[in-house]
Amino acid sequence: MKVFLAMPYSQLCDSNYRVKEKYKNFFEKLTLSLKEINCDYFLAHEREKWGKAFTSNIESTKIDYETIKNVDLVCALPGVPVSGGVHVEIGWASANKKSMKIFLKKGYKYSPMVTGIHCITNADYIYYNEDYSDELIELILKEIKNYK
């Protein structure tokens with residue numbers, strides 16, 4: 001199974017456009033757990049070597065769009081504050097009729113276009129309490145395992 005991890009990027013970076021250590025640790029823990037369950041995944045942060053091999057807007061747009069077209073499942077974290085890039089990826093996924101697991105932080109309001117996307121594609125909403133936490137990793141893993 002192939003999973004696209006649509007996660008905020010720019011807002012997690014320092015002034016040199018490198019992913020901050022706190023977030024890098026979260027993603028490394030998540031991807032290690034995915035490898036342990038033999039899940040093939042795509043994560044732009046890792047592809048771009050945490051900001052050291054940053055790709056252009058044109059290149060990353062093409063790569064992300066083509067990758068979404070070829071995955072089985074999209075796990076999306078719209079972000080708090082919201083990530084414009086993740087919202088675009090949710091749109092691409094819905095246009096390509098991809099199944100989605102959308103992780104929303106409890107108590108926050110999201111665009112009706114995100115919370116209503118289930119009417120045009122298979123999308124489930126999973127609510128979490130704490131950003132970039134072990135709880136969130138466990139929820140993502142649980143949803144991927146249940147999807148298989």
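Quick check on the range 88-96. Is at least one of its residues under 22 Å from Lys2 (Cα atoms), of a type in the set (Gly, Ala, Ser) and more than 16 Å from the chain's Cα centre (by Cα)? Break it down into steps so the answer makes sense when it comes.
First, the residues of the range 88-96 that are under 22 Å from Lys2 (Cα atoms): 88-96.
Subset that is of a type in the set (Gly, Ala, Ser): 91, 93-95.
Restricting the remaining residues to those that are more than 16 Å from the chain's Cα centre (by Cα) gives 95.
Yes, the conditions are met somewhere in the range 88-96.
Among (1) closer than 24 Å to Tyr110 by Cα; (2) among the aromatic types (Phe, Trp, Tyr); (3) in contact with a Leu (Cβ under 8 Å, 6 or more places away or on another chain), where does Tyr9 come up short?
With (1) closer than 24 Å to Tyr110 by Cα; (2) among the aromatic types (Phe, Trp, Tyr); (3) in contact with a Leu (Cβ under 8 Å, 6 or more places away or on another chain) applied to Tyr9, the lone miss is (3).
Restricting to the range 61-83, name every residue that is part of a helix (DSSP H, G or I), under 26 Å from Tyr147 (Cβ atoms) and not β-branched (Val, Ile, Thr).
Asp64, Tyr65, Glu66, Lys69 - these are the residues of the range 61-83 that are part of a helix (DSSP H, G or I), under 26 Å from Tyr147 (Cβ atoms) and not β-branched (Val, Ile, Thr).
Return the pair list, or none, for Cβ contacts closer than 9 Å from residues in the range 74-87 that are in contact (Cβ under 8 Å) with a residue 24 or more places away in the chain and on the phi > 0 side of the Ramachandran plot to residues that are assigned to a strand (DSSP E or B) and surrounded by fewer than 21 Cβ atoms within 10 Å (Cβ to Cβ), at least 6 apart or on different chains.
Gly79/Lys105
Within the range 20-37, does at least one residue satisfy the condition of being surrounded by 13 or more Cβ atoms within 10 Å (Cβ to Cβ) and part of a strand (DSSP E or B)?
No, that holds for no residue.
Restricting attention to the range 60-89, which residues are farther than 15 Å from Ala44 by Cα and either of a type in the set (A, V, I, L, M, F, W, C) or touching a Cys at 6+ places or on another chain (Cβ under 7 Å) (or both)?
Leu73, Val80, Val82
Here's a check for you: in the range 44-60, which residue that is in a helix (DSSP H, G or I) and small (Gly, Ala, Ser) is nearest to the chain's Cα centre (by Cα)? Write out each step before concluding.
First pass over the range 44-60, keeping only residues in a helix (DSSP H, G or I): 44-47, 49-51, 57-60.
Add one more test, that the residue is small (Gly, Ala, Ser), and what stays is 44, 51, 60.
Values: Ala44: 9, Gly51: 16, Ser60: 15 Å.
For the range 44-60, the residue satisfying everything is Ala44.
Of all residues being in contact (Cβ under 8 Å) with a residue 24 or more places away in the chain and touching an Asp or Glu at 6+ places or on another chain (Cβ under 7 Å) in the range 32-60, which is nearest to Lys145 (Cα to Cα)? Just the residue, please.
This residue is Ala44.
Take the residues in the range 88-129 that are in contact (Cβ under 8 Å) with a residue 12 or more places away in the chain and among the charged types (D, E, K, R), then tell me which one is surrounded by the most Cβ atoms within 10 Å (Cβ to Cβ).
Glu89
Can you work out which of the residues in the range 102-148 that are in a helix (DSSP H, G or I), closer than 17 Å to Pro8 by Cα and among the β-branched types (Val, Ile, Thr) is farthest from the chain's Cα centre (by Cα)?
Val114
Rule-based calculations on the coordinates, nothing more; no lab input. This structure is a prediction, so every number in the text was calculated from the model and none was measured. Here Cβ is always computed from backbone atoms with ideal geometry, including for glycine, and neighbour counts include all displayed protein chains.
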